[in-house]
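Reviewing the structure listed below.
The values are calculated or read from the model by the stated rules, or taken from the named source; none is laboratory data. All values derive from a computational prediction rather than experimental measurement. Here the Cβ positions follow ideal geometry from the backbone for every residue, glycine too, while neighbour counts run over all protein chains shown. Only protein heavy atoms, including side chains, enter the accessible area calculation; ligands, DNA and RNA are left aside. Shrake-Rupley method; radii C 1.70, N 1.55, O 1.52, S 1.80 Å.
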Amino acid sequence: MAPRAFGLNCTLTPSPKSSSTQKMLDQVLGAIAAHGFETSHQRLVDLEIRPGVAADEGEGDDWPAVREKILDARILVLATPIWMGQPSSITKRVFERLNAFLGEIDDDGRYPTFGRVAVTAVVGNEDGAHHVIAQSHQALADVGFTIPAGSHPYWVGEAMGEVDYIDLDETPDKVAQTIRTVAANAAHLARLLDHSPYPPAGG
């Protein structure tokens, strides 16, 4: 069975409306698929992701099914827009819900997420891409994901402009190159960690 990559679209735009975040996510997942991975994704705004820090916040909470897909994948791709220089509120809710992994560390110091790789992708019409990626990478690393080397893809349009990423006829060369690189590194790292898992902490 081919390894899996799973994408979270943290746009605030519900389906079936078009989404620049989805366009970026599709491109990153497509590049990962070229390395032999099966891919799927979820637009979280279409679900009921309840506030909280537990793995399951009760009846009607859609997070447990999303969490299962995250744990079933070797690569997680988190795609977010920028709002007011910050990741979207849905992205922050993802971080809060991922916090439950910290309560599931085993006696050897290993997290349920160890051996899984995380990639961040960002789009927006304002400054802040590096800040958003930094926030995302800290949160994802804190809960046990491994971040591949290199820049992670982002596109930032003219401040307060009317052109969105989805409006571009062609993907800028630097963005396309970054997508290819992070996809190759994520796939390589995921296979390395699958072959040689993190050791127990001992003590």
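As an exercise, use a Förster radius of 45 Å and the Cβ-Cβ distance of His131 and Ser196 to find the FRET efficiency, rounded to the nearest 0.05. Walk me through the intermediate numbers first.
Details: r = 33 Å, r/R0 = 0.74.
After rounding to 0.05, the efficiency reads 0.85.
For the stretch 32-43, just list the computed ³J(HN,Hα) in residue order, Karplus coefficients 6.51, -1.76 and 1.60, θ = phi - 60°, integers in Hz, with x standing in for Gly and Pro.
Residue by residue, the stretch 32-43 yields 5, 4, 5, 9, x, 9, 7, 10, 8, 7, 9, 8 Hz.
Treating only the Cβ of Lys, Arg, Asp and Glu as charged (+1, +1, -1, -1), what charge dipole size does the stretch 20-85 show about its Cα centre? Round to the nearest 20 debye.
That gives a dipole near 400 debye.
Would you mind checking which residues have amide H under 5 Å from Tyr154's amide H? H placed 1.01 Å from N; only 5 or more apart, or other chain.
HN-HN under 5 Å from Tyr154: Val122.
With point charges of +1 on the Cβ of Lys and Arg and -1 on the Cβ of Asp and Glu, referenced to the Cα centre of the stretch 17-58, which listed residue (Ser18, Phe37, Ala55) lies farthest in the positive direction of the dipole?
Working it through, the farthest residue towards the positive pole turns out to be Ser18.
Hey, what do the phi angles of the stretch 116-130 turn into as Karplus ³J(HN,Hα) couplings, whole Hz, using 6.51/-1.76/1.60 and θ = phi - 60°, x for Gly and Pro?
9, 10, 10, 10, 10, 9, 9, 9, x, 10, 7, 5, x, 4, 5
Given a cut-off of under 8 Å on Cα pairs at least six residues apart, what relative contact order in percent is computed for the chain?
It rounds to 24 percent for the chain.
Quick query: amide H of Arg116 versus all other amide H atoms, modeled in the peptide plane; which residues come in under 5 Å with a sequence gap of 5 or more or a different chain?
When sequence neighbours closer than 5 places are left aside, the close amide H contacts are Thr146.
Take the alpha carbon atoms of the stretch 1-78, find their center, do the same for the stretch 126-196, and report the distance between the two centers in whole angstrom.
The distance from the Cα centre of the stretch 1-78 to that of the stretch 126-196 comes to 15 Å.
To the nearest 20 debye, what charge dipole does the chain have about its Cα centre, counting +1 at the Cβ of each Lys and Arg and -1 at the Cβ of each Asp and Glu?
On the way: 16 positive and 27 negative charges, 94 e Å.
For this selection, approximately 460 debye.
Using helices alone, I'd like the mean residue ellipticity at 222 nm for the chain: each DSSP H run of four-plus residues gives -39500 (n - 2.57), total over residue count, nearest 500.
-11500 deg cm²/dmol
Tell me the carbon and sulfur percent of the accessible area for the chain, rounded to whole percent, probe radius 1.4 Å.
Solvent-exposed carbon and sulfur of the chain make up 51 percent of the total.
With every protein chain left in place, what is the accessible area per residue of the chain in square angstrom, probe 1.4 Å? Walk me through the intermediate numbers first.
Values: 10070 Å² over 203 residues.
Per residue, the chain has 50 Å² of solvent-accessible surface.
What are the ³J(HN,Hα) values, in whole Hz, obtained from phi via the Karplus relation 6.51 cos²θ - 1.76 cosθ + 1.60 with θ = phi - 60°, for each residue of the stretch 87-103 in sequence order, with x given for Gly and Pro?
The phi angles translate into x, 4, 4, 5, 4, 5, 5, 4, 4, 5, 6, 5, 4, 4, 4, 5, x Hz.
Amide H of Asn125 versus every other amide H placed in the peptide plane: which residues, excluding those fewer than 5 positions away on the same chain, fall under 5 Å?
Close amide H contacts, sequence-distant or interchain: Ile82, Gly157.
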